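To keep things clear, I will list the structure first and then write my remarks on it.
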Amino acid sequence: MFVIEFILLFHKIGGENLKTILKNPLNHSETLDEACKFLTEGEVVAIPTETVYGLSANALNAQAVEKIFIAKGRPSDNPLIVHISSLSMMDELISNFPPSAEALIDEFWPGPLTIILPKSDIIPQIVSAGLDTIGIRFPEHEVARRLIEKCGFPLAAPSANTSGQPSSTTAMHVFSDMAGKIPMIVDGGDCLVGIESTVIDLTCDIPCILRPGGISFEEIREILPNVIIDDALMMQSDCTPRSPGMKYRHYAPIAPLKIVQGNTDNILQYIFKNSDDKTGIMCFNEYENCFNTGVIYPYGGEQNSVEQARKLFDALRYFDDKDVNKIYAFCPNSDGIGLAVMNRLLKAAGFNVIEV
Ligand code: TXA
Ligand code: MG
């Protein structure tokens, strides 16, 4: 893996030179101080989390948060998640704390779970996109936690990608989308989970998963047996998902992507028949050597949804750098974290699934 520890980039935007610093706190002990200084001054800094990289700013500073929307090109009706580094930090952010939240927090925080709760007035409207609720997340990644703690304020952060692009799971992904647009990227290595947090809404009578993610439906059901999944998520339908972000076209690589579903022999036959050297193939590791044409990206073991989640966004970005004119993906198993993998792939493919 190509690693750059320290880069200074000068880029012209609107006549101004914006310098983007990329630093790893393991090799540069002053990195967190520097990031904290930018954040305190109302700037945007990209930070690692265990799910994906985040584009962060002081959640209590509306002008700072506005810069996130500009850097990402994000629609203003899409609310941001607020990241905390201790439970006490959450108290002033919310106006009600249901018992169901306590049970989930005990089990899954810190970790890849975002909980939607009624918000307090301290949160600027721009963060919640005018909603009266707020998504709160306590990340597990040590760099994120130490940075939030150092700042002493919560960080609003969406995924650190240009709107509509696959999320970023390495500092280099962030760099390719954000260089010249933000002053600093903190490199905390490759993200271990690789797919965004699960978003669960606890503001209604029945807890509802608005976005599948790093904590599986099955795990949450162990704690909240009545949990449901927003049914607009896994199909292309006219009903609007309750998580505003899920309605946008997202994660799509440049070349059209099709998911191939069926038994393995049929999938292989279909791809053999329809591929040439300009075809991208996202296969399971077991079948990497079965192809003698095409651009291959093995995105995890057939039964290993955790590995598939970790590699998914890198795979989608990989084909953008290759000269492919179509991509086929082996259909993942939707159990556990596989539900999140399938959800992101479906969106990346525009719900284009071929049954074989
Ligand atoms: O893992 C993650 O969640 C990453 C890291 C950086 O923490 N963040 C992330 O943020 O994925 P973003 O903005 O890319 O996705 C947040 C999703 C969007 O679909 C948004 O619409 C939804 O959560 N969301 C945020 N606040 C919400 C709210 N109050 N009600 C409903 N949906 C909300
Ligand atoms: Mg995102």
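Some notes on this structure:
- Tally of residues being surrounded by fewer than 21 Cβ atoms within 10 Å (Cβ to Cβ), touching a residue at least 24 places away in the same chain (Cβ under 8 Å) and not in a loop (DSSP other than H, G, I, E, B) across region 72-89: 2
- When region 185-195 is limited to residues that are within 16 Å of ligand 2 (Cβ to nearest atom) and open to solvent by less than 10 Å² (accessible area, probe 1.4 Å), the one that is farthest from ARG344 (Cα to Cα) turns out to be CYS191.
- Applying the condition of being away from ligand 1 (no atom under 13 Å from the Cβ) and over 16 Å from ASP187 (Cβ atoms) to region 150-175 and asking which residue is most open to solvent (accessible area, probe 1.4 Å) yields LYS150.
- Candidate set: region 235-261, residues that are hydrophobic (A, V, I, L, M, F, W, C) and at pLDDT 85 or above; chosen: the one farthest from ligand 1 (Cβ to nearest atom): VAL260
- For region 308-323, residues that are open to solvent by 20 Å² or more (accessible area, probe 1.4 Å) and touching a residue at least 12 places away in the same chain (Cβ under 8 Å) total 8.
- Scanning region 109-123 for residues that are surrounded by fewer than 17 Cβ atoms within 10 Å (Cβ to Cβ) and in contact (Cβ under 8 Å) with a residue 60 or more places away in the chain yields PRO118, ILE122.
- Residue check for ILE68: closer than 24 Å to GLY194 by Cα, within 16 Å of ligand 2 (Cβ to nearest atom), open to solvent by 20 Å² or more (accessible area, probe 1.4 Å) and at pLDDT 95 or above: no
- Considering region 124-148, and only residues there that are open to solvent by 10 Å² or more (accessible area, probe 1.4 Å) and in contact with a helix residue (DSSP H, G or I) (Cβ under 9 Å, 6 or more places away or on another chain), the residue that is nearest to ligand 1 (Cβ to nearest atom) turns out to be LEU131.
- Residue within region 337-345 that is within 24 Å of GLY214 (Cβ to Cβ) and among the basic types (Lys, Arg) present: yes
- First in region 181-199 and more than 10 Å from ligand 1 (Cβ to nearest atom), second anywhere and open to solvent by 10 Å² or more (accessible area, probe 1.4 Å) and of a type in the set (Asp, Glu), Cβ under 6 Å, 6 or more apart: PRO183/GLU43; LEU192/GLU50
- Leading residue by the ranking (farthest from GLU196 (Cα to Cα)) among those in region 38-51 that are open to solvent by 10 Å² or more (accessible area, probe 1.4 Å) and in a loop (DSSP other than H, G, I, E, B): GLU41
- Taken over region 159-194, the criterion of being closer than 25 Å to SER128 by Cβ, touching a strand residue (DSSP E or B) at 6+ places or on another chain (Cβ under 6 Å) and not hydrophobic (A, V, I, L, M, F, W, C) is satisfied by SER167 alone.
The values are calculated or read from the model by the stated rules, or taken from the named source; none is laboratory data. A quick note: this is a predicted structure, and the numbers were derived from the prediction, not measured. Note: ideal-geometry Cβ built from the backbone for every residue, glycine included; neighbour counts use all protein chains shown. Please note that ligands, DNA and RNA were not included when accessible areas were found on the heavy atoms of the full protein model with its side chains. Shrake-Rupley method; radii C 1.70, N 1.55, O 1.52, S 1.80 Å.
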